[in-house]
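Take a look at the structure below.
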Amino acid sequence: MSEIDIKALPSDPLTDHEYDGIREFDNPTPGWWYFLFGATVVFSVLYLVFWHFSIGGWTIEESWADDQRVEFKRIFGAVGQLKPDDETILAQMNNPQFMTVAKSAFLGNCTACHGRDGGGLVGVNLTDDSYKNVKKVSDIYRVITEGANGGAMPAWKRALSDNERVILAAYVASLRGTHPATPKAAEGEVIPPWPTQAPKH
Ligand code: HEC
């Protein structure tokens, strides 16, 4: 076995201890490593304080809501204020862009009680021909805005803008006659079908 003359190796200085013939170079962790380590510790503290304990942080939901407000401003900008009357609501049923927006509002706010497809859970089935508070499409807007049954159906006039409630009413009207996966039993009274076309001026 050939002896290695460690002193001849071009390297770090040797430490002065030796165990069972094993010696150790003095090769400390480099300064940049300590610096990085310290930086991650400092970062984690700042991160924790900013995102979890300060009012400066924001959540994904908040940033989504902000984006949505901007988006609503953009798409509603062209139409101005939609009237919450039968004619306007029926007309929106044929507006694919608004129905897409309304669908996402429905999924975000209404599914917990009415189901993703409107078949009803805690809330009533919105797809059948029976309604408790609705005789014409503008009643849907009224129920969404004011709520019903002492708040069992919440009022949305604060949480959703006027235009959002108009297009939501149109979306809910469009659910009528669709076939949900697990429909809740009909409640209320059967009402006549929606007028097939928005009345012309
Ligand atoms: C907390 C549960 C809940 C949520 C959330 C909810 N609803 Fe309702 N909704 C109900 C209940 C319960 C009723 C039945 C009220 C009654 O008994 O008169 C109802 C009734 C309705 C009606 C009237 C149906 C009828 O037969 O008269 C419409 C329209 C409606 N909801 C739309 C919506 C829309 C749109 C949303 C989302 C913006 C929504 N609801 C969110 C519980 C809810």
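Counting only residues that are more than 9 Å from the ligand (Cβ to nearest atom) and either outside the structural domain of I75 (by TED's automatic domain parsing) or under 17 Å from the mean Cα position of the chain (by Cα) (or both), region 103-139 holds 5 of them. For region 159-186, which residues satisfy the criterion of being touching a Leu at 6+ places or on another chain (Cβ under 6 Å), at pLDDT 95 or above and more than 7 Å from the ligand (Cβ to nearest atom)? If the condition is that a residue be touching a Leu at 6+ places or on another chain (Cβ under 6 Å), at pLDDT 95 or above and more than 7 Å from the ligand (Cβ to nearest atom), then V166, L175 are the ones that fit. The residue that is nearest to P192 (Cα to Cα), among those in region 141-158 that are open to solvent by less than 30 Å² (accessible area, probe 1.4 Å) and near the ligand (Cβ under 6 Å from one of its atoms), is V143. In region 5-21 there is at least one residue matching the filter, namely being modelled with pLDDT of 90 or more, surrounded by 10 or more Cβ atoms within 10 Å (Cβ to Cβ) and either out of contact with any Lys or Arg (no Cβ under 6 Å at 6 or more places or on another chain) or assigned to a helix (DSSP H, G or I) (or both).
Of the listed requirements (1) open to solvent by less than 100 Å² (accessible area, probe 1.4 Å); (2) out of contact with any strand residue (DSSP E or B) (no Cβ under 6 Å at 6 or more places or on another chain); (3) not in a loop (DSSP other than H, G, I, E, B), H52 misses just one: (1). Looking at this structure, is A102 under 30 Å from P183 (Cα atoms) and of a type in the set (G, A, S)? It is true that A102 is under 30 Å from P183 (Cα atoms) and of a type in the set (G, A, S). Among the residues of region 119-140, those that are under 20 Å from P195 (Cα atoms) and not acidic (D, E) comprise L126, T127, S130, Y131, K132, N133, V134, K135, K136, V137, S138, I140. Of S138, S174, S161, S130, all but one fail to be in contact (Cβ under 8 Å) with a residue 60 or more places away in the chain, surrounded by 14 or more Cβ atoms within 10 Å (Cβ to Cβ), over 19 Å from G108 (Cβ atoms) and among the small types (G, A, S); the exception is S130.
The values are calculated or read from the model by the stated rules, or taken from the named source; none is laboratory data. Computed from a prediction, not measured in an experiment: that's the story for all the values here. As a convention, Cβ positions derive from the backbone with ideal geometry for all residues, glycine included, and neighbour counts pool all protein chains shown. Heavy atoms of the whole protein, side chains included, go into the accessibility calculation; ligands, DNA and RNA do not. Shrake-Rupley method; radii C 1.70, N 1.55, O 1.52, S 1.80 Å.
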